[in-house]
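Written below as C-alpha cells is the structure these notes are about.
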Amino acid sequence: MRGGASRTARWRAGRRTTPALLIAGLIAALLVLVPVAAGIGAYPVPTGDVLSSVAHRMGVGGEALDRVPESVLWNVRFPRIVLALLIGASLGCAGALMQGVFGNPLAEPGVIGVSSGAAVGAVATISLGLDFLGNWTVSALAFVAGLGTVLVVYAMSRSGGRTEVVTLILTGIAVNAFAGALIGLFVFLAEDTAAVNQIAFWQLGSLAQSTWPKVLAVLPCAVAGLVVAPLYARKLDLLALGERPARHLGVDVERLRIVLVLVIALLTAAAVSVSGVIGFVGLVVPHLLRMTAGPGHRFLIPGSALAGAVVLLAADLCARTVAEPAELPLGVLTALIGSPFFFWLLRRTRRRQGGWA
C-alpha cells in the first residue's frame, strides 16, 4: 500500500514539473530561434554577428556591424521577429481563453467573428481607396471592424441578460458567413488589379511589411491582453467544472464571459489588423499544451502565449525561406499545417465521445 502511495506521489510530482519543463523548453527554443531567424534571409548575417550587434545595442559589449548588415538586422529582420512574437503570443493566448470560455477544445478566436470582421474592415478600406490615416488606414479600420464585429455578435446572442455558448457560436458562424459575402462584394467593387492583389495578399496573411511603427501599434493591445488574461486563470478552472458549480463557488459567469470575450477580441483584432488573417495558431497551440501538461489555466494561458510566439516565429522563418526568392504567405503555411491537425482533432474528439449524437 505504501509503495502504491509513493508511486502516486511521484506521478503527481512529475505532472507538476511538466509545465516548468515545457516553459523552459519554449524559452530555450526562443533563444535559439531569434538569432537564427535574424541571420537567415536574402542577405545572410552570421549568428555571431547578430549576437554582437545586439550586445552592442544593449551596451554590454559586442560591436556595431557595417552599415548594410546593421540596417538589415534593425530595420528589416528584428521588427519582423518582434511582430511575429507579439502576434503569435496574442493568438495563442486568445485561443486558450476561447477554449476555456466555451469549454470546447475545438474553439478558436475566429469563431466569434473577430478575424472576419477585421478582414471586412481592411478589404473595404483597400477597395474604396480610403487613406485618411495614411499608411495606418487599413490597420486602424481592420482593428475597429474586428472589435465592432465581436460586440455585434455578443449583443445578438444575448437573451434575458444571459449568453448561451451555443447561441454565441452559431451567431458567430452566421456573422462570419455574412462577412465573407461582404468581402466578396468589396473584391468585386475593387477598381484595379493592384487593389485586388493587395486584398488577396492581406487575406493570406503575411509579415513581409513589418516595421517598428507596426510593432508599436500592436504592442499596447498585446501587452494589455497578455497581462490581464492570467488574472482569470482560477475562474476559468472553476468554469471548467460547469456553469452551475462555478456559480456556487462565487464565479460571475456572465461577467467573466464578457470580460474574456473582450480580451480575446482585443488580442486577435490587434494581431490581425497588421498581419492579415493567420489561422489555426489559436486552435492548435493551446490544445497541444493541454494534451501535454493538463487543462490547468495557470499554465495554459502563459504557456499558450509563449508557444504561440515560438510557432509563429518558426512558421514565418519557413515562409520566407522554403520558396526563396519568393515568400510563401504565412496564413497559407499555418493553414496547411493546422488543417490536418484540426481534422485529426475532430476525429479524436468524436471517437472519445462515442459520436456527436
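Throughout, read-outs are computed from the coordinates displayed, never taken from laboratory work. Because the structure is predicted, anything quoted here is derived from the model rather than measured. No Cβ is skipped: glycine too gets one built from the backbone with ideal geometry, and neighbour counts run over all protein chains shown.
Structure above, values below:
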read-out	value
Those residues of the range 144-179 whose amide nitrogen sits under 16 Å from the label point placed on GLU254, 7 Å along Cα→Cβ	154-168
Net charge over other residues, Cβ less than 15 angstrom from the Cβ of LEU33 (K, R count +1; D, E count -1)	+2
Shape call, the chain: gyration tensor on alpha carbons, a/c limit 1.5	oblate
Projected area, mean over directions - the range 247-357, Cα convex hull, nm²	9.4 nm²
Neighbour net charge for SER53 - beta-carbon separation under 14 angstrom, K R +1, D E -1	-1
Extension gain (nm, one decimal) between ARG67 and THR321, 0.36 nm per residue minus Cα-Cα	89.1 nm
Highest-first arrangement of 64-75, 258-269, 298-309, where packing means the average Cβ count within 10 Å	298-309, 258-269, 64-75
Size of electric dipole in the range 25-346: Cβ of Lys, Arg +1 and of Asp, Glu -1, about Cα centre, debye, nearest 20	980 debye
Sorted peptide list for 341-347, 171-177, criterion being average Cβ within 10 angstrom, highest first	171-177, 341-347
Mean Kyte hydropathy of 1.0 or more with a Cα span along the axis of at least 15 Å, helices from DSSP in the chain	78-102, 114-128, 137-157, 165-189, 212-228, 253-275, 281-293, 297-319
Sequence ranges 96-104, 199-207, ranked by mean other-Cβ count within 10 angstrom, highest first	96-104, 199-207
Computed Rg/Rh of the range 84-136, alpha carbon atoms with Kirkwood Rh	1.13
